[in-house]
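Student: To start, I am sharing the structure in question, which I have written as structure tokens.
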Amino acid sequence: MKSTAAGAPRLAESDTIMRSLHFPGRSPVYARKAMCATSHPLASQTALSVLKDGGNAVDAAIAATAVLCVVEHAMTGIGGDCFAIVSKPGEKPFALNASGRAPAALTAEYLLGQGINAIEQQSPHSVTIPGAVDGWATLLADHGTRQLKDLLQPAIAYASEGFAIAPRVGTDWAGAVAKLSANANAAKHFLVDGKAPAVGDMMRFPNLAKSLEAIAEGGRDAYYEGDIAADIVKELNALGGVHTLEDFAAQRAEYVEPISVNYRGLDVLELPPNNHGVVVLIMLKMMDRLGKLSDSPDSAERYHVMLEVARLAYAMRDEFVADPDMADVPVDHMLDDQVIAELVSRVDRRTARPDLGPNPQPKGSDTVYLSIVDEGGMAVSFINSLFADFGSGIATDETGIILQNRGQGFVVQPGHRNCVAPRKRPLHTLIPALAMRNGELAMSFGVMGGAYQPAGHAHVLANILDYGMDPQEALDSQRVFFDGDKVLVEATASTEFRAGLAAKGHDVGQRGLPWGGGQIIQVDGANGTLIGGSDARKDGCALGF
């Protein structure tokens, strides 16, 4: 890792304060040259190996993601999508949108004619064309240094030879048995005698290994124009889907320009729509106007205000975010200072407002994330997902691929910006991010957890920039988010904290599993080091050298 100028400002004045070693917890990981942070140890080891062998951050990201598509199967797979933001020293950061499109024959009128007014999770209509493999191939061809054939070998080995089920992986798997049992192929490939594998059990995916081998040899065309696509189309058509081989052949990732706002001296970069990274930026602009929400990072007062900010920002998302190729998506309006001021005026620090009011209108009109920084200073913030646990729950027969449910991001409401339409991309929850200071990389980060992700980004950034936490502390901090009309806290939330939220008008419950996960790599320009954190809610770790 090339150091920035001596004396470059750190992210927070207190970032040298160590956590108390009297209490259990993780320390942040420090390294001089390169670092990776992923949600599974085998993926982190794979990324580190690629980096130490001279590969760059793109090479390491693809190799690690492929491993995650095997060993953390509930969260991700080659039947899903991916997004990335990449920073190279001295160059303008860029982003890749590798989200899949709806089949050409899928329309709202067709669905309504079938009596379908909302796309269900386990419906074949929830499966958009998987964009991940095309995204890998595109990013690698343009910015990598290694061959896809070589980078897929660790994933192929784990799929064919087997791997041990990690604790969080096993927990997620056990909760998906009913879903997997509903599809004969999913039950065949992902259950053992009708049950989820237990923690510590060895698991193999021989059919998936063959699919990965085909992609290693034939590249993206082996997936989108060969036997793999044919097997996916056959399965979906049998269930009533309208997918075709032409839909698969037409799938292409595209480079897009990140959108950003400045928060506490950092330029925070997110993906533009159809991605919902704009929600993070709305929240940050609102929080900037509101100032420090509380002296205590763990107070009910702070979380109450963040929940109200999130409710307003997500309402803007639900009305405006869609595929910009097929709808007018007013990003400038959503981030306009007057609009932000209007939203902030609706935040009551004392109590939750049942009615947030109408959204200001323009005039005239579950997931794996990884972060990698290489020795040359390139950073890749990368996310690859199936959306829900095991996606749609639909698997292919011969190729052993579990398929995403991203089509649930559409609405079936003609006239809505985000209404399902042929070859349209749905509103997408995957949001990798970067933070820059004066044009230089300050942080590569991401938070997993479906719809929670924008709130998670705002939360961990404020933890670091407003409360002086290190990357690991920022990820470890308790999380709260809304689910319908309820506000769900994690099991670690104290009785006093829950009572404080309830006193402010929130209907408080406890979530069965923690909210998401996350990874952060922070650049300490003053010392020429990298500081990594990996969310303890997952099985992974940060590693560097």
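Student: Taking the options Ala451, Ala442, Ala491, Ala421, name whichever one is surrounded by 24 or more Cβ atoms within 10 Å (Cβ to Cβ) and small (Gly, Ala, Ser). Don't jump to the end; show me each part of the working.
Tutor: On the way: Ala451 fails: surrounded by 24 or more Cβ atoms within 10 Å (Cβ to Cβ); Ala491 fails: surrounded by 24 or more Cβ atoms within 10 Å (Cβ to Cβ); Ala421 fails: surrounded by 24 or more Cβ atoms within 10 Å (Cβ to Cβ).
Only one candidate qualifies: Ala442.
Student: Based on what the data block shows, is Leu284 surrounded by 17 or more Cβ atoms within 10 Å (Cβ to Cβ) and part of a loop (DSSP other than H, G, I, E, B)?
Tutor: Details: surrounded by 17 or more Cβ atoms within 10 Å (Cβ to Cβ): yes; part of a loop (DSSP other than H, G, I, E, B): no.
For Leu284, the condition - surrounded by 17 or more Cβ atoms within 10 Å (Cβ to Cβ) and part of a loop (DSSP other than H, G, I, E, B) - is not met.
Student: OK, next. Taking the conditions exactly as written (of a type in the set (D, E, K, R), outside any strand (DSSP E or B) and within 22 Å of Arg423 (Cβ to Cβ)), does Arg289 satisfy them or not? Step through it out loud before you land on a result.
Tutor: Numbers: of a type in the set (D, E, K, R): yes; outside any strand (DSSP E or B): yes; within 22 Å of Arg423 (Cβ to Cβ): no.
Considered against the rule, which asks whether it is of a type in the set (D, E, K, R), outside any strand (DSSP E or B) and within 22 Å of Arg423 (Cβ to Cβ), Arg289 comes out as no.
Student: Here's another thing I want to ask about it. Please state which one of Ala458, Ala502, Ala474 is under 22 Å from Met316 (Cβ atoms) and part of a helix (DSSP H, G or I). Steps first, please.
Tutor: Values: Ala502 fails: under 22 Å from Met316 (Cβ atoms); Ala474 fails: under 22 Å from Met316 (Cβ atoms).
So the residue among Ala458, Ala502, Ala474 that is under 22 Å from Met316 (Cβ atoms) and part of a helix (DSSP H, G or I) is Ala458.
Student: Identify the residue in the stretch 34-68 that is in contact with a Gly (Cβ under 7 Å, 6 or more places away or on another chain) and surrounded by fewer than 24 Cβ atoms within 10 Å (Cβ to Cβ) and, among all such residues, is nearest to Lys538 (Cα to Cα).
Tutor: Taking the candidates together, the pick is Pro41.
Student: In the stretch 152-189, which residues are touching a helix residue (DSSP H, G or I) at 6+ places or on another chain (Cβ under 6 Å), under 23 Å from Ala216 (Cα atoms) and of a type outside the set (S, T, N, Q)?
Tutor: Filtering the stretch 152-189 down to residues touching a helix residue (DSSP H, G or I) at 6+ places or on another chain (Cβ under 6 Å) leaves 152, 154-156, 158-160, 163, 180-181, 186-187.
Now restrict to residues that are under 23 Å from Ala216 (Cα atoms): 152, 154-156, 158-160, 163.
Within the stretch 152-189, Leu152, Pro154, Ala155, Ile156, Tyr158, Ala159, Phe163 meet the criteria.
Student: Related question: For the stretch 232-259, give me the residue count where each residue is buried (at least 21 other Cβ atoms within 10 Å of the Cβ) and either on the phi > 0 side of the Ramachandran plot or not aliphatic (A, V, I, L, M) (or both).
Tutor: 7
Student: Does the stretch 170-188 contain any residue that is surrounded by 15 or more Cβ atoms within 10 Å (Cβ to Cβ), among the polar types (S, T, N, Q) and farther than 30 Å from Leu513 by Cα?
Tutor: Checked against the condition, which is being surrounded by 15 or more Cβ atoms within 10 Å (Cβ to Cβ), among the polar types (S, T, N, Q) and farther than 30 Å from Leu513 by Cα, the stretch 170-188 yields no hits at all.
Student: Taking into account only those residues within the stretch 372-389 that are assigned to a loop (DSSP other than H, G, I, E, B) and at pLDDT 95 or above, which is surrounded by the most Cβ atoms within 10 Å (Cβ to Cβ)?
Tutor: Step one: filter the stretch 372-389 for residues assigned to a loop (DSSP other than H, G, I, E, B), giving 374-378, 386-389.
Keeping just the survivors that are at pLDDT 95 or above gives 374-378.
On the way: Asp374: 26, Glu375: 18, Gly376: 13, Gly377: 19, Met378: 21.
Per the stated criteria, the residue is Asp374.
Student: Can you go through Pro130, Pro154 and tell me which one is at pLDDT 95 or above, within 17 Å of Glu235 (Cβ to Cβ), buried (at least 19 other Cβ atoms within 10 Å of the Cβ) and not small (Gly, Ala, Ser)?
Tutor: Details: Pro154 fails: within 17 Å of Glu235 (Cβ to Cβ).
Being at pLDDT 95 or above, within 17 Å of Glu235 (Cβ to Cβ), buried (at least 19 other Cβ atoms within 10 Å of the Cβ) and not small (Gly, Ala, Ser) holds for just one of Pro130, Pro154, which is Pro130.
Student: Grab the helices (runs of 4 or more DSSP H) fully contained in the stretch 153-250, keeping just those with 3 or more residues being out of contact with any Pro (no Cβ under 9 Å at 6 or more places or on another chain) and charged (D, E, K, R).
Tutor: The helices (runs of 4 or more DSSP H) meeting that bar are 206-218, 227-238.
Student: Residues in the stretch 509-523 that are crowded, with 19+ Cβ neighbours inside 10 Å and in contact with a strand residue (DSSP E or B) (Cβ under 6 Å, 6 or more places away or on another chain): how many?
Tutor: Step one: list which residues in the stretch 509-523 are crowded, with 19+ Cβ neighbours inside 10 Å, which gives 515-523.
Going one step further and asking which of them are in contact with a strand residue (DSSP E or B) (Cβ under 6 Å, 6 or more places away or on another chain), we end up with 515-516, 518-523.
Of the residues in that region, 8 qualify.
Student: Moving to a separate point now. Hey, among Ile282, Ile228, Ile215, which residue is of a type in the set (Val, Ile, Thr), within 24 Å of the chain's Cα centre (by Cα) and over 30 Å from Pro167 (Cα atoms)? Break it down into steps so the answer makes sense when it comes.
Tutor: On the way: Ile228 fails: within 24 Å of the chain's Cα centre (by Cα); Ile215 fails: over 30 Å from Pro167 (Cα atoms).
When all the criteria are applied, what remains is Ile282.
Student: Could I ask something else about it? Does Ala315 fit the bill of being over 30 Å from Ala102 (Cα atoms), out of contact with any Pro (no Cβ under 6 Å at 6 or more places or on another chain) and either not polar (S, T, N, Q) or not in a strand (DSSP E or B) (or both)?
Tutor: Values: over 30 Å from Ala102 (Cα atoms): no; out of contact with any Pro (no Cβ under 6 Å at 6 or more places or on another chain): yes; either not polar (S, T, N, Q) or not in a strand (DSSP E or B) (or both): yes.
Considered against the rule, which asks whether it is over 30 Å from Ala102 (Cα atoms), out of contact with any Pro (no Cβ under 6 Å at 6 or more places or on another chain) and either not polar (S, T, N, Q) or not in a strand (DSSP E or B) (or both), Ala315 comes out as no.
The values are calculated or read from the model by the stated rules, or taken from the named source; none is laboratory data. If you're wondering where the values come from, they're calculated on a predicted model, not measured in any experiment. Cβ atoms come from the backbone with ideal geometry, glycine included; neighbour counts cover every protein chain shown.
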